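**Q** What follows is a single structure, and I will ask about it in a moment.
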Amino acid sequence: MNAPLLEVKGLHKHFAVGGQWKKKGVVKAVNGVDLTVGRGETVGIVGESGCGKSTVGRLILRLLDLTEGEIRFEGMDISRLSASRMRPIRKQMQCVFQDPYASLNPRMTVGAAIAEPLFLQGGLSRKEATLRAERLLDTVGLHAQASRLYPHEFSGGQRQRIAIARAIALGPKLIVADEPVSALDVSIQAQIVNLLGDLKEKTQVSYLFISHNLSVVRHISDRVAVMYLGRIVESGTRDQLFDNPKHPYTQALLSSVPEPEVDSRRERIVLSGEVPNAANPPSGCPFHPRCPHATSRCRDEEPAFTEVESGHYASCHFI
Amino acid sequence: MSQAILSVKALKTVFRDRKSERTVVDGIDFEIGSNEVVALVGESGCGKSITSLSIMGLLPRSGEVADGEIRFRGQNLVGLSKKEISRLRGNKMAMIFQEPMTSLNPVLTIGTQMTEGVRRHLGVSKEEAAKVADDWLRRVGFPEPARIRREYPHRLSGGMRQRVMLAMAMACKPELLIADEPTTALDVTIQAQVLDLIRQLIAETRMSVLFITHDLGVVAEMATRVVVMYAGQIVETADVRTLFTSPRHPYTKGLLASTPRMTGTARKLVPIPGSVPPAGQYAASCRFADRCPQARPECREQVPELRDAGGGHQVRCILA
Ligand SMILES: Nc1ncnc2c1ncn2[C@@H]1O[C@H](COP(=O)(O)OP(=O)(O)OP(=O)(O)O)[C@@H](O)[C@H]1O
Ligand SMILES: Nc1ncnc2c1ncn2[C@@H]1O[C@H](COP(=O)(O)OP(=O)(O)OP(=O)(O)O)[C@@H](O)[C@H]1O
Ligand code: SF4
Ligand SMILES: [Mg+2]
Ligand SMILES: [Mg+2]
């Protein structure tokens, strides 16, 4: 079992856009992504709205069919498995989304919602499943009595705990968490970030943690990938990426986050221009229209994704 | 502090329906001086937006200012007629929101909306208004204003729309700008552009600003003074430096400890346990007591006063 838990190679997803009135075209929402998640590892994916983060997550979960590429889970290529052959693998791969309310049935008690997969897929009896659900609620910091209440009786943070309890019920190896704390207030966000950290320590689960919130990603991730217009433009360990960013986009992105401190000495790189449209991406380096260092070479030639130090990669002509 | 542009005293705003009455803003006091940027922070539902809508006379039908004063340059706005308030609004006071689409008309071009607003408030000719509009569009970073004037709102990106809103607000030369989470929906690199722009406008026009946000990073960057709200009340207020370097209310301290950082060691976060009590259902105690790590029995026996801690620093905690 030397294969990494998850290995993604050359992943592409193209959406057809336009139609009757407009010219048909494609959006290359994911345009050649390579990604690895090791056992017990948390990999963060950051980037601005529309860069393709959620699409990567949904492709990995096989909620969406890929256009091109390979997704290996524990060494097995799952990228084209049928729904029935995916079923046993789904137990190992769970997800948590931004809006837990949308993923919880409003007419089902929380206990029943958590017990359901245990009963249907986990092979437990109803009674065992119910007891197990109560223990899971306790694990995520809720009272066992919460199992008899309905989702609307909980706050946003509590609902996210419930969604997490359900995600961990079958003992998955990987959890794809797409903006799991983005809708929460900071004081509650910190509770959930810590809960995810504790669960990882206890169960060795891996996370693919998708978020536009850079400081949260810094706190939770072992490794981080930065996406821009459907590609990964830089990846490395948490400290490589946050302390020594190489790509001009990463540098600007990190410097844009306001720090809650007076006299913060960080220098701000303010980019000019707007985020380009994914349906009509720039030539050469996709970042060149906004890049403070761009030359004519950047407009003409796509930079390669190169290793700048052990385990740290970036795609820019000038690094 | 020079004479206050805005002074809010004992403001109480309630929502009523057939069954109940809820006080969601409960005795708020603060002032904004000339060229001051006061940040209003706190968690979702604590009453930030309702405070600002009370000031602007824009409360929804079911809401009402039940008590208190809102003085703009000395004039009490509470009890003014709709007509009188709307004359002040857009002229002396302007507001921008998190989602510009809610205040832009989707079927009119940017140009039409801007010139109409300018004519209404400044009483100038159509040509004059178009010139003012162009001038402001240029100042918020559209080098070719004529092109933007012809666009419809939905054709612009979020960051462009927010800059258009800013140009519209600024075109009427407000003395007070109320900005309710103006950058919350934007990507961080675009947020940086818009914050930069707002800062520049504050310096140039010397307007005063009430800046509403839940992001302490944005507070540190923009504010001269900070008002921290919790469950409809002010729990702490201080100049920005004091608030970040020596916060005294356990809630403010908790917020700072739970906020992840971009620098320093990525230590474990310290969350505030529990969650915010439901709005308008408060016991006669410190509203933070159930979540406060320092709470004592006394905290539950009365509602602590907002007390002066010296140097314009006020704290609502019996221990502070
Ligand atoms: N079903 C779809 N049909 C057409 N285009 C799509 C579809 N889903 C996503 N896209 C496009 O693909 C691109 C990537 O979208 P995606 O949702 O993955 O971005 P994201 O990084 O998760 O953004 P956000 O931070 O806003 O959640 C966007 O340009 C989006 O408009
Ligand atoms: N139209 C309304 N009718 C009834 N109650 C309302 C209405 N609008 C707001 N409230 C209540 O008033 C309280 C304060 O809301 P407000 O919008 O001021 O919060 P906020 O601090 O701006 O929060 P956020 O950070 O989420 O914007 C909330 O508890 C909310 O439920
Ligand atoms: S390749 Fe050129 S445009 Fe792209 S990031 Fe590097 S310098 Fe900037
Ligand atoms: Mg997304
Ligand atoms: Mg609000």
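Read-outs throughout are calculated quantities, based only on the coordinates presented, and are distinct from any laboratory measurement. Since we're looking at a predicted model, the values are computed, not measured. With ideal geometry, Cβ positions are generated from the backbone for all residues, glycine too; neighbour counts draw on all protein chains shown.
**Q** Once you put a point 7 Å from the Cα of B:Val270 and another 7 Å from the Cα of A:Asn277, both along the Cβ direction, what distance in nm separates them?
**A** 5.0
**Q** Turning to a different aspect of this structure: Could you pull out every residue, at least 5 positions away or on a different chain, whose amide H is within less than 5 Å of the one on A:Val96? Hs are placed 1.01 Å off N in the peptide plane, and Pro or chain starts have none.
**A** A:Val176, A:Ala177, A:Asp178
**Q** Taking each residue in A:191-202, count the Cβ atoms of any other chain within 10 Å of its Cβ, then average. What number comes out?
**A** Per residue, the number of nearby Cβ atoms from other chains is 2 on average.
**Q** Okay, next question. Among rounded, prolate and oblate, which fits segment B:4-122 when a ≥ b ≥ c are the square roots of the eigenvalues of its C-alpha gyration tensor, a/c under 1.5 means rounded, and a/b larger than b/c means prolate?
**A** prolate
**Q** Give a quick list of trypsin sites (Lys or Arg not before Pro) in segment A:25-84 that DSSP marks as loop, anything other than H, G, I, E or B, with at most 16 other Cβ atoms within 10 Å.
**A** Here the sparse-neighbourhood loop sites are A:Arg39, A:Arg80.
**Q** Still on this structure, I have one more. In nanometres, what is the gap between the two model label sites at A:Arg39 and A:Met108, each 7 Å from Cα along Cα-to-Cβ?
**A** Reported label-point gap for A:Arg39 and A:Met108 is 3.1 nm.
**Q** By counting other Cβ atoms within 10 Å of each Cβ, how are A:Lys246, B:Lys12 ranked from fewest to most?
**A** Going from sparsest to densest Cβ surroundings: B:Lys12, A:Lys246.
**Q** So the label point goes 7 Å from the Cα of A:Asp198 along Cα→C-beta, right? Which residues of segment A:127-157 then have their backbone N under 15 Å from it?
**A** Zone members listed by number: A:135-144.
**Q** Moving on to the next point. Can you sort A:Lys202, B:Lys173 from fewest to most other Cβ atoms within 10 Å of each residue's own Cβ?
**A** Least to most surrounded, the residues fall as A:Lys202, B:Lys173.
**Q** Please give the net charge around A:Phe97, taking every other residue with its beta carbon less than 15 angstrom from that of A:Phe97, where Lys and Arg add +1 and Asp and Glu add -1.
**A** For residues surrounding A:Phe97, the net value is +2.
**Q** If you don't mind, another one. Between segment B:114-160 and segment A:217-236, what is the C-alpha centre distance in whole Å?
**A** 39
**Q** Which of the three applies to chain A, rounded, prolate or oblate, going by the alpha-carbon gyration tensor with a ≥ b ≥ c and a/c under 1.5 meaning rounded?
**A** It is prolate, given that a/c is not under 1.5 and a/b is the larger ratio.
**Q** For a quick check: sort B:Phe142, A:Phe287, A:Phe318, A:Phe209 by the number of other beta carbons within 10 angstrom, fewest at the front.
**A** So the ranking, lowest neighbour count to highest, is A:Phe318, B:Phe142, A:Phe287, A:Phe209.
**Q** In deg cm²/dmol and to the nearest 500, what is the mean residue ellipticity at 222 nm of the protein assembly as shown if only DSSP H runs of at least 4 residues count, each as -39500 (n - 2.57), divided by the residue total?
**A** Roughly -9500 deg cm²/dmol at 222 nm, from the helical runs in the protein assembly as shown.
**Q** Here's another thing I want to ask about it. Once amide H atoms are placed 1.01 Å from N in the peptide plane, what residues at a sequence separation of 5 or more from B:Val25, or on another chain, have their amide H within under 5 Å of its amide H?
**A** HN-HN under 5 Å from B:Val25: B:Thr13.
**Q** When we measure straight from the Cα of B:Lys82, which lysines land under 17 angstrom away, once same-chain ones fewer than 8 places off are left out?
**A** B:Lys92
**Q** So who's got an amide H within less than 5 Å of the one on B:Leu6, skipping anything under 5 residues away but keeping other chains? H placed 1.01 Å off N, in plane.
**A** Long-range HN contacts for B:Leu6: B:Ile32, B:Arg73.
**Q** So how much slack lies between B:Val107 and B:Glu84, counting 0.36 nm per residue of separation and subtracting their Cα-Cα distance, in nm?
**A** Net length gain for the segment: 5.5 nm.
**Q** Shifting gears a bit: In terms of the Cα gyration tensor, with a ≥ b ≥ c the square roots of its eigenvalues, is the protein assembly as shown rounded because a/c is under 1.5, prolate because a/b exceeds b/c, or oblate?
**A** Oblate, since a/c reaches 1.5 and b/c is not below a/b.
**Q** Under 14 Å Cα-Cα from B:Lys173, which aspartates and glutamates qualify once same-chain neighbours fewer than 8 residues away are excluded?
**A** Within reach: B:Asp135, B:Glu204.
**Q** Next up: For segment B:204-308, state which trypsin sites (Lys or Arg not before Pro) are in a DSSP loop and have at most 12 other beta carbons lying within 10 Å of their beta carbon.
**A** B:Arg206, B:Arg267, B:Lys268
**Q** Mind listing the phi-derived Karplus ³J(HN,Hα) values for segment B:98-105, rounded to whole Hz, using 6.51, -1.76 and 1.60 with θ = phi - 60°, and x for any glycine or proline?
**A** Using θ = phi - 60°, the values come out as 4, 10, x, 4, 5, 10, 9, 7 Hz.
**Q** Follow-up. Which one, A:Leu174, A:Leu118, A:Leu63, has the greatest fluctuation when you compute a Gaussian network model over chain A with C-alpha springs under 10 angstrom?
**A** Of A:Leu174, A:Leu118, A:Leu63, the most mobile in the Gaussian network model is A:Leu63.
**Q** Using the Karplus curve 6.51 cos²θ - 1.76 cosθ + 1.60 with θ = phi - 60°, work out ³J(HN,Hα) for each residue of segment A:34-42 in order, rounded to whole Hz, and write x for Gly and Pro.
**A** Once rounded to whole Hz, the list reads 10, 7, 10, 10, x, 5, x, 9, 10.
**Q** Which whole-number percent gives the relative contact order of segment A:68-214, counting Cα pairs below 8 Å spaced six or more residues apart?
**A** For segment A:68-214, the relative contact order is 27 percent.
**Q** Give the cross-link partners of A:Lys91 among the lysines, using a straight C-alpha distance below 23 Å as the criterion and excluding same-chain residues fewer than 8 apart.
**A** A:Lys9, A:Lys53, A:Lys127, A:Lys173, A:Lys200, A:Lys202
**Q** Right, next: At what distance in angstrom do the alpha carbon centres of segment A:86-153 and segment A:247-319 lie from each other?
**A** That distance is 42 Å.
**Q** Apply the Karplus curve 6.51 cos²θ - 1.76 cosθ + 1.60, θ = phi - 60°, to the phi angles in segment A:158-163 and return the couplings in whole Hz, x for Gly and Pro.
**A** 5, 5, 5, 4, 5, 4
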